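Enquirer: Let me give you the structure first, and then I'll get to my questions.
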Amino acid sequence: MPHITTSMFSDRVVTLILGARDLPRKPVDYHILLISSILGLQPEKEYRESDLNDELQRWVLELGSNFGLDHVTLRRFLIDARYLFRDPAGTAYRLHTTNHRYSYDSEILSIDLPALIANARNDRAKRKQRYLESRR
């Protein structure tokens, strides 16, 4: 089973969120994107569909707008990839903590993704500003 390190995750998720215009084609990037969408979810909590939709919609609006996803499609992808488990009645959801296609460092779950992306945006803006100043 391939493994995603914290460093790999951080580097790739920034690149994907800030630069991608569609869902990633590389399987590892696709799974990094899916993992990023569940970082705010609690492993032991059971979510009603409306609560889960709120969480996923927040990710779509704040970070995933480049991918042409809505929260319903994202939820389906997460279930298909076994990151989420839906009860037989279809009314409750839990994080699937085992049997993923990719393993990943547990530290990834504690990453503050909005802060990571904001810092990367600021770094890019500073580099751009320095570049523009150097061209004068």
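What follows is calculated from the coordinates using simple rules that are stated; it is not laboratory data. This structure is a prediction, so every number in the text was calculated from the model and none was measured. Neighbour counts run over all protein chains shown; Cβ positions are idealised from the backbone, glycine included.
Enquirer: Looking at region 57-88, which of its residues are of a type in the set (Asp, Glu) and within 20 Å of residue 100 (Cα to Cα)?
Expert: Narrowing region 57-88 to residues of a type in the set (Asp, Glu): 62, 70, 80, 87.
If the condition is that a residue be of a type in the set (Asp, Glu) and within 20 Å of residue 100 (Cα to Cα), then 80, 87 are the ones that fit.
Enquirer: For region 55-94, which residues satisfy the criterion of being under 22 Å from residue 22 (Cα atoms) and part of a loop (DSSP other than H, G, I, E, B)?
Expert: 63, 64, 68, 69, 70, 81, 82, 83
Enquirer: Do you know which residues across region 18-50 are of a type outside the set (A, V, I, L, M, F, W, C), assigned to a loop (DSSP other than H, G, I, E, B) and more than 15 Å from residue 112 (Cα to Cα)? Steps first, answer last, please.
Expert: Step one: filter region 18-50 for residues of a type outside the set (A, V, I, L, M, F, W, C), giving 19, 21-22, 24-27, 29-31, 36-37, 40, 42-50.
After this cut, where a residue has to be assigned to a loop (DSSP other than H, G, I, E, B) as well, the list is 21-22, 24-26, 40, 42-46.
Listed by number, the residues that qualify are 21, 22, 24, 25, 26, 43, 44, 45, 46.
Enquirer: Looking at the structure I just gave you, is residue 14 in contact (Cβ under 8 Å) with a residue 24 or more places away in the chain, part of a helix (DSSP H, G or I), over 24 Å from residue 99 (Cα atoms) and under 15 Å from the mean Cα position of the chain (by Cα)?
Expert: Values: in contact (Cβ under 8 Å) with a residue 24 or more places away in the chain: yes; part of a helix (DSSP H, G or I): yes; over 24 Å from residue 99 (Cα atoms): yes; under 15 Å from the mean Cα position of the chain (by Cα): yes.
For residue 14, the condition - in contact (Cβ under 8 Å) with a residue 24 or more places away in the chain, part of a helix (DSSP H, G or I), over 24 Å from residue 99 (Cα atoms) and under 15 Å from the mean Cα position of the chain (by Cα) - is met.
Enquirer: Is at least one residue of region 116-133 touching a Phe, Trp or Tyr at 6+ places or on another chain (Cβ under 6 Å), closer than 25 Å to residue 9 by Cα and surrounded by 17 or more Cβ atoms within 10 Å (Cβ to Cβ)? Show your work before the answer.
Expert: Going residue by residue through region 116-133, those that are touching a Phe, Trp or Tyr at 6+ places or on another chain (Cβ under 6 Å) are none.
The answer is no, given that none of the residues of region 116-133 is touching a Phe, Trp or Tyr at 6+ places or on another chain (Cβ under 6 Å), closer than 25 Å to residue 9 by Cα and surrounded by 17 or more Cβ atoms within 10 Å (Cβ to Cβ).
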